[in-house]
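The values are calculated or read from the model by the stated rules, or taken from the named source; none is laboratory data. Given the structure is predicted, the values throughout are model-derived calculations rather than measurements. With ideal geometry, Cβ positions are generated from the backbone for all residues, glycine too; neighbour counts draw on all protein chains shown.
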Amino acid sequence: MAERQNGHALIESVIGIVVLVFVCLAIFDLSMIIWGAQINATTCQAAARAAGRGDPGEATQRAEAVIARKEESAGEVLVSNPHLFGPVQISLTSMPKSLHDPLTGVVFNPGGPIIGTVTVVTEAVIRPFVLRILLPNHKSLTVKSEQTFPLTYVMPSNAPDSSDR
């Protein structure tokens, strides 16, 4: 009778350990998904902030530079490095208008503030461990982040000097 009770206890312990291992792996996977989404969102925010500061024509290059620095500092283990998902979207609401100098016939830009927004979308691929086991056809999870920041830039004037006339 004592041997039978020991056998039941052993089977219950083994089943409990197996369930505990799967619960721990599920918690680990969930934390990896949250971590990957957070990395992607933080990178997207930094890229949008950088894209919004400076010449709108160079917004994509500034966003890509931020993302490239992030790729250098972090290796790819279970979360791929975030990358741009499409081009940086620029929406201008106000821009200085070009003027025509009647004396010289030259068209010039008087300079002034450019007002608008930039929108950056990034995505990262997360490869959870348990998801690979349970769903062999879906080995990864893609998360996207979108951030919009105001565009702050003052266009310099290229008006001819009055001393040139």
Checklist entry - Out of all the residues in the stretch 6-14, is one or more under 24 Å from V121 (Cβ atoms), at pLDDT below 90 and assigned to a helix (DSSP H, G or I)? => result no
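Rundown of residues vs (1) in contact with a Ser or Thr (Cβ under 7 Å, 6 or more places away or on another chain); (2) part of a loop (DSSP other than H, G, I, E, B); (3) farther than 14 Å from I126 by Cα, yes/no style:
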residue	(1), (2), (3)
F28	no, no, no
G36	no, no, no
T42	no, no, yes
E64	no, no, yes
K70	yes, no, yes
Checklist entry - Is it the case that the stretch 104-111 has a residue that's within 26 Å of Q61 (Cα to Cα), modelled with pLDDT of 80 or more, surrounded by 15 or more Cβ atoms within 10 Å (Cβ to Cβ) and not acidic (D, E)? => result no
Checklist entry - If you take the residues of the stretch 127-146 that are within 20 Å of A47 (Cα to Cα) and of a type outside the set (D, E, K, R), which of them is modelled with the lowest pLDDT? => result T142
Next on the checklist: For the stretch 21-57: of the residues being under 18 Å from the mean Cα position of the chain (by Cα) and among the charged types (D, E, K, R), which is surrounded by the most Cβ atoms within 10 Å (Cβ to Cβ)?
Outcome noted: R49
Item to check | Subset of the stretch 82-103 (residues that are more than 17 Å from A59 (Cα to Cα) and either of a type in the set (D, E) or touching a residue at least 60 places away in the same chain (Cβ under 8 Å) (or both)) | outcome: P82, L99, D101, L103
Checklist entry - Does at least one position in the stretch 74-88 carry a residue that is modelled with pLDDT under 85 and aromatic (F, W, Y)? => result yes
Checklist entry - For the stretch 81-114, which residues satisfy the criterion of being touching a Phe, Trp or Tyr at 6+ places or on another chain (Cβ under 9 Å) and in a strand (DSSP E or B)? => result L99, H100, P113, I114
Checklist entry - For the stretch 125-143, how many residues meet the condition of being free of Cβ contacts under 8 Å to residues at least 12 places away in the same chain and either part of a strand (DSSP E or B) or of a type outside the set (A, V, I, L, M) (or both)? => result 4
